[in-house]
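Bear in mind that the values in this text are calculations on the coordinates, not laboratory data. All values derive from a computational prediction rather than experimental measurement. Note: ideal-geometry Cβ built from the backbone for every residue, glycine included; neighbour counts use all protein chains shown.
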Amino acid sequence: MKRKMMALTMAVLMAASLSACKGSSANDTTTATTTADTTAAEKTEDTTAAESSEVAESEANGADKVYKIATDTTFAPFEFENDKGEMVGIDLDLLKAIAEDQGFEYELVVAGFSAATTGLEAGEYDAVIAGMSITDARKEKYDFSEPYYDSGVGMAVNADSDIASYEDLNGKTVAAKIGTEGCTFAESIADQYGFTIMQFEDSSSMYQDVLAGNSVACFEDYPVLGYEISRGTAFKMPLEMEHGNSYGFAVLKGQNTELLEMFDAGLKNMKDSGKYDEILNTYISK
Ligand code: GLN
């Protein structure tokens, strides 16, 4: 019995280490998932963006749909829970302002990053806004809005860590989040520098693993790590930002075209009116 359990554990671990940085599917197994997402995934926020007059207007257009839009759990300053327990952030404020401008209604689903993309592919969600990088590989599956924020990948280590280069990662374990550009980048250099990647479902458990000293570093979007550090997380970034892609709002390829068009039109209006800068300045001090 014990041996059977061992074998099973080994199989699970192997499956986990073999799984590339792809989004998880229902039967994906990972070495480190958190259950926190389960509650987060079920938490939805109703956003009555459209005023009644706008509702009447959109109904007249036959567009009385409430779009289901999925986001990440912890990805500050793009989406995160504030002290009052509300989901806020650049992505969410931008989405709200765009929906008000364009007169569409949506329900926000706080799903987690890989769950958001998996759900989009399964038709559970109409769109994803989650600091999602516009990559060539993703463009084969999704249609993206115009880019709304430039980003890249960074490596964070504990503030008192001696790790100062990728060479220092030799023989060590690093943390990355499933399905992300940070994870894909870590994977692209793992063999060269001889480190192992431990994958996490969400950023907060990934950070905890580094803070606890299990992983010696984590790979995550540079501005997000910068924001964590500015909020007092005891990390530092010994290296420059690696090239990454800009963020876009995503729908499934060829679907929800009208939503994508409204997002782009609203984004342009937000940029023209100064609302876009106002939202950014709420979270990122210049
Ligand atoms: N920008 C990264 C990506 O698209 C990470 C997104 C996230 O973790 N929410 O892969």
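Assorted remarks:
- Using the Cα coordinates of region 136-286, the gyration tensor eigenvalues translate into equivalent-ellipsoid semi-axes of 32, 19, 12 Å, sorted from longest to shortest.
- Using the Karplus relation 6.51 cos²θ - 1.76 cosθ + 1.60 with θ = phi - 60°, the per-residue 3J(HN,Hα) values for region 127-140 come to 7, 10, 10, 7, x, 8, 6, 7, 10, 4, 4, 5, 5, 6 Hz, with x marking Gly and Pro.
- Its convex hull of Cα atoms gives region 211-270 a direction-averaged projected area, equal to a quarter of the hull surface, of 6.9 nm².
- Farthest toward positive dipole pole in region 187-286 [+1 Lys/Arg, -1 Asp/Glu at C-beta], among T233, S273, S246: S273
- Region 101-154: mean projected area of Cα convex hull, nm²: 4.9
- Order by protection proxy (mean Cβ within 10 Å, highest first), peptides 209-215, 278-284, 221-227, 124-130: 124-130, 221-227, 209-215, 278-284
- Anisotropy class of region 167-220 from Cα gyration tensor, a/c 1.5 cut: oblate
- Simple point charges give the picture: +1 on the Cβ of Lys and Arg, -1 on the Cβ of Asp and Glu, and for region 156-212 a dipole about the Cα centre of about 60 debye.
- Across the cross-link table entries K177/K271; K22/K271; K172/K236; K65/K177, which are compared at the Cα atoms, the separations over 22 Å belong to K177/K271; K22/K271; K65/K177.
- Semi-axis lengths (Å, descending) of the ellipsoid that matches the C-alpha gyration tensor of region 147-187: 22, 13, 9
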